[in-house]
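Take a look at the structure set out below.
The values are calculated or read from the model by the stated rules, or taken from the named source; none is laboratory data. Remember, predicted model here, so these are calculated numbers, not experimental data. Using ideal geometry, Cβ is built from the backbone for each residue, glycine included, and neighbour counts are taken over all protein chains shown. The protein model used for the area step is the full one, side chains on, heavy atoms only, and it has no ligands, DNA or RNA in it. Shrake-Rupley method; radii C 1.70, N 1.55, O 1.52, S 1.80 Å.
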Amino acid sequence: MDLPGPIHDFLLVFLGSGLILGGLGVVLLTNPIYSAFSLGLVFVCISLFYIPSNSHFVAAAQLLIYVGAINVLIIFAVMFMNGSEYYNDFNLWTVGDGVTSVVCTSIFASLITTILDTSWYGIIWTTRSNQIIEQDLISNSQQIGIHLS
């Protein structure tokens, strides 16, 4: 699909924000029905990412398979559960939640540290031939990545 630059950027930001909000809804919502509907939003946003890259068949297949079949199956399975038992023993914060949040925060901090400490100046991306020009590459892993791409 040949979209002008600002419209294409707006579409990507809109779909990306829908994907992030849907993912947060899957994780943070306590009602399993709402969480399953948020998962449906994530599946729809993922399938719509294929449309700007002219992959209309893949987008339609994603919608039919994931939203039309798998998400409906998940929603039916959640609706057949007895929801009253789930909410009777509900605690706001448990020890497992604390451990999980510490582990996830440490993984997030290590990823951010790795991204900030990586020297990105050694590789220049060119748009005319889709090749990577090597300029004073420091590590062997960067050279391996160049030759494997």
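If you filter segment 3-57 down to residues that are exposed (fewer than 13 other Cβ atoms within 10 Å of the Cβ) and β-branched (V, I, T), you find that the one that is farthest from W93 (Cα to Cα) is I7. Is it the case that segment 78-99 has a residue that's surrounded by 11 or more Cβ atoms within 10 Å (Cβ to Cβ) and at pLDDT 85 or above? No - not one qualifying residue is present in segment 78-99.
Residue pairs whose Cβ atoms lie under 8 Å apart, sitting 6 or more positions apart in sequence or on different chains, and linking a residue in segment 1-16 that is in contact (Cβ under 8 Å) with a residue 24 or more places away in the chain and in a helix (DSSP H, G or I) to a partner that is open to solvent by less than 70 Å² (accessible area, probe 1.4 Å) and aliphatic (A, V, I, L, M), are L11/L3; L15/L48.
Any residue that is open to solvent by 60 Å² or more (accessible area, probe 1.4 Å), at pLDDT 70 or above and under 30 Å from L28 (Cα atoms) - is there at least one of those in segment 116-125? Within segment 116-125, one or more residues are open to solvent by 60 Å² or more (accessible area, probe 1.4 Å), at pLDDT 70 or above and under 30 Å from L28 (Cα atoms).
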